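Just below is one structure, and these are the notes that go with it.
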Amino acid sequence: MALLYWLYQHPSVVIASLILLSLWELVWKGIALWYASRNRQKKWFVALLVINSVGVLPIIYLRWCKPKKKEFVIGKRETPKKNQN
């Protein structure tokens, strides 16, 4: 009860906390929406857009459900085989 009274007396702390949580959500949601749209995952895009979860759902999507990138190797070419006649 003392915590609620303290928060009532200091509204700037509540406002700052809400702003930080909003920025946290915005960053994670933006990254996850970008990946979902880029990978044409319409169901994930709609879910990420509609559900506000303070960054939990976007982190879950980015960690476990995002398709893996294909590995790209620079400088490795196949050498042509010589004719052995």
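Can you find a residue in segment 23-31 that is exposed (fewer than 12 other Cβ atoms within 10 Å of the Cβ) and at positive phi?
No, there is no match, as no residue in segment 23-31 is exposed (fewer than 12 other Cβ atoms within 10 Å of the Cβ) and at positive phi.
Conditions: (1) assigned to a helix (DSSP H, G or I); (2) closer than 28 Å to L7 by Cα; (3) not hydrophobic (A, V, I, L, M, F, W, C). S53 meets all but one. Number of the miss?
Of the numbered conditions (1) assigned to a helix (DSSP H, G or I); (2) closer than 28 Å to L7 by Cα; (3) not hydrophobic (A, V, I, L, M, F, W, C), the odd one out for S53 is (1).
Go through (1) modelled with pLDDT of 90 or more; (2) within 16 Å of W64 (Cα to Cα) one by one and return the number of the condition Q41 breaks.
Of the numbered conditions (1) modelled with pLDDT of 90 or more; (2) within 16 Å of W64 (Cα to Cα), the odd one out for Q41 is (1).
The values are calculated or read from the model by the stated rules, or taken from the named source; none is laboratory data. The model shown is predicted, which means the values in this text are computed figures rather than measured ones. For neighbour counting, all protein chains shown are included, and Cβ atoms are generated from backbone atoms with ideal geometry for every residue, glycine included.
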